[in-house]
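Engineer: To start, I am sharing the structure in question, which I have written as structure tokens.
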Amino acid sequence: MRATAIAQPNIALIKYWGKRDLSRNLPAVGSISITLRDLFTEMNVELDDSLRSDKLSVNGSIDSKMLPRLSSCLDEVAGANRARANIVSKCNFPIAAGLASSASAFAATTVAASNAAGRSSTVAELANLAGRSSGSAARSLLGGFVELENRDEDIALNVLQECDSWPLVVVVAITEAGPKAVGSTEAMEISRKTSPFYTSWVERQDEDLSTARDAIMRRDFEQLAAVAEHNCLKMHSVMWASRPPIVYWNSATMRCLQTVRKLQGEGIGTFFTIDAGPQVKAVCLPEDAATVQAALAATAGVSDIMVSGLGDGARLVTGA
Ligand code: DP6
């Protein structure tokens, strides 16, 4: 009744923003991401009949904020009549700061809970379970370049390229490590209901998915860079035009974009992407990663830098 799983966060290159079915947490659009290697969340789930309620500790401290969503995730995987759980989480990067900590947490929880509950689920089943807790979490089940396909009734995952076959590097510039003011679940609902750009965002997504898929299959860095930056800025435009406006950026976020633009002008292989937070992720060709790291570290307002290669999907560490 006990299992531990590890998962890495993933960074979306073609973003998920908006839901078509709130109750089943089904995304309005497909998405494509890369799974990281060096940032991780480990989840230990112990189902224990003697417990009266679920308990969660994160990096050694009791955490009640994340607990309701994790309890719902366990209900999805093991059924609402399950034994209560003792959940122990370890994470080596800032939580809830736009670094996909919920993606890795829910992917690892889904894998661990499924094993602890004695289920043997397929990746497709795990994807739909994890996706109910957090849309982006499903993508962390697999490694490398992962496409989340939005189908009629559910979601499906495909690996477009393994992590070793196109070993890009991601440099994350942390501009503010604290938790974000508005979570992505709430923010994307505000966008869906109020942004005048939301409908065209959804309608144009297939074009970006197809351009990115083609670039990844052919390992065309320039094509991927152009479509990923465009898709990111389009998602943030949807947010900025929402009421109330959703602006995750700070002044250092903007300065990081200028740094990336300058590097691109010098022929360095890098492009930016930004999620629901102020951090900038620069995706780089491996030979240019050190230059990008140094330039972002020297950008005013950057408080920390994390560097990661691409990695594998969620996996069981111990269990039955
Ligand atoms: C900007 O997966 O956190 O990172 O399904 O409501 O939990 P919920 O949303 P979540 O949203 C991720 C939004 C994003 C883009 C992306 O990862 O595709």
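What follows is calculated from the coordinates using simple rules that are stated; it is not laboratory data. Note that the coordinates shown come from a computational prediction; the quantities given were computed from them, not determined experimentally. Reconstructed Cβ throughout: ideal geometry from the backbone, glycine too, with neighbour counts over all protein chains shown.
Engineer: From the square roots a ≥ b ≥ c of the eigenvalues of the alpha-carbon gyration tensor of region 200-252, which class results: rounded (a/c under 1.5), prolate (a/b over b/c), or oblate?
Structural biologist: Oblate, since a/c reaches 1.5 and b/c is not below a/b.
Engineer: Taking Rh as the Kirkwood radius, which is the inverse of the mean 1/r over Cα pairs, what is the Rg/Rh value for the chain?
Structural biologist: 0.96
Engineer: What is the magnitude of the charge dipole of region 71-161 about its Cα centre, with +1 placed on the Cβ of each Lys and Arg, -1 on the Cβ of each Asp and Glu, and no other charges, expressed in debye to the nearest 20?
Structural biologist: Dipole of region 71-161, to the nearest 20 debye: 440 debye.
Engineer: Follow-up question, since we're still on this one. Which one of 16, 209, 317 has its Cα pushed farthest toward the positive end of the charge dipole of the chain, where Lys and Arg give +1 and Asp and Glu give -1 at the Cβ?
Structural biologist: Ranked along the dipole, the leading option is 16.
Engineer: Return the equivalent ellipsoid semi-axes of region 99-223 as a descending list in whole Å, where each equals the square root of 5 times an eigenvalue of the C-alpha gyration tensor.
Structural biologist: Result for region 99-223: semi-axes of 24, 22, 18 Å.
Engineer: Treating only the Cα positions of region 1-155 as identical point scatterers, give the base-10 log of I(q)/I(0) from the Debye formula at each q in 0.17, 0.18 Å⁻¹.
Structural biologist: Each listed q corresponds, in turn, to -0.92, -1.03.
Engineer: Sticking with this structure for a sec: For the chain, calculate the relative contact order in percent as a whole number, restricting contacts to Cα pairs under 8 Å that are 6 or more residues apart.
Structural biologist: For the chain, the relative contact order is 26 percent.
Engineer: What dipole magnitude, in Debye to the nearest 20, does region 195-284 give about its Cα centre under +1 on Lys/Arg Cβ and -1 on Asp/Glu Cβ?
Structural biologist: 300 debye
Engineer: Starting from the Kirkwood radius over alpha-carbon pairs of region 123-180, derive D by Stokes-Einstein at 25 °C in a medium of 0.890 mPa s and give it in µm² s⁻¹.
Structural biologist: Here the translational diffusion coefficient equals 187 µm²/s.
Engineer: Restricting the count to DSSP beta bridges whose residues both fall in region 1-131, what percent are antiparallel, rounded to a multiple of 5?
Structural biologist: Beta bridges within region 1-131, antiparallel portion: roughly 85 percent.
Engineer: With N set to the number of residues, divide the alpha-carbon radius of gyration of region 149-191 by 2.2 N^0.38 Å and report two decimals.
Structural biologist: 1.80
Engineer: With runs of 4+ DSSP H residues as the only contributors, calculate the mean residue ellipticity of the chain at 222 nm using -39,500 (n - 2.57) per run, divided by the residue total and rounded to the nearest 500.
Structural biologist: Taking each H run of at least 4 residues, the total per residue is -11500 deg cm²/dmol.
Engineer: Could you tell me how far the Cα centroid of region 68-130 sits from the Cα centroid of region 245-320, in Å?
Structural biologist: 27 Å
Engineer: At a 10 angstrom cut-off on C-beta neighbours, averaged per residue, how do the peptides 252-263, 271-282, 137-148, 36-47 rank from highest to lowest?
Structural biologist: Ranking, from highest mean packing down: 137-148, 271-282, 36-47, 252-263.
Engineer: I've got another one for you. Treating region 174-320 as a set of equal point scatterers at the Cα positions, no solvent, please give the Debye-formula log₁₀ I(q)/I(0) at q = 0.09, 0.16, 0.21 Å⁻¹.
Structural biologist: Each listed q maps to, in turn, -0.33, -1.00, -1.34.
Engineer: Find, to one decimal place in angstroms, the Kirkwood hydrodynamic radius of region 41-130, where the mean of 1/r is taken over every pair of different Cα atoms and then inverted.
Structural biologist: 13.1 Å
Engineer: Projecting each Cα onto the charge dipole of the chain (Lys/Arg +1, Asp/Glu -1 at the beta carbon, about the Cα centre), which of 1, 51, 144 comes out farthest on the positive side?
Structural biologist: 51
Engineer: Could you work out the equivalent-ellipsoid semi-axes for region 222-305, taking the square root of 5 times each eigenvalue of the Cα gyration tensor, largest first, in whole Å?
Structural biologist: Its equivalent ellipsoid spans semi-axes of 23, 16, 9 Å.
Engineer: Counting only C-alpha contacts under 8 Å and six or more residues apart, can you give the relative contact order of region 179-320 as a whole percent?
Structural biologist: 21 percent.
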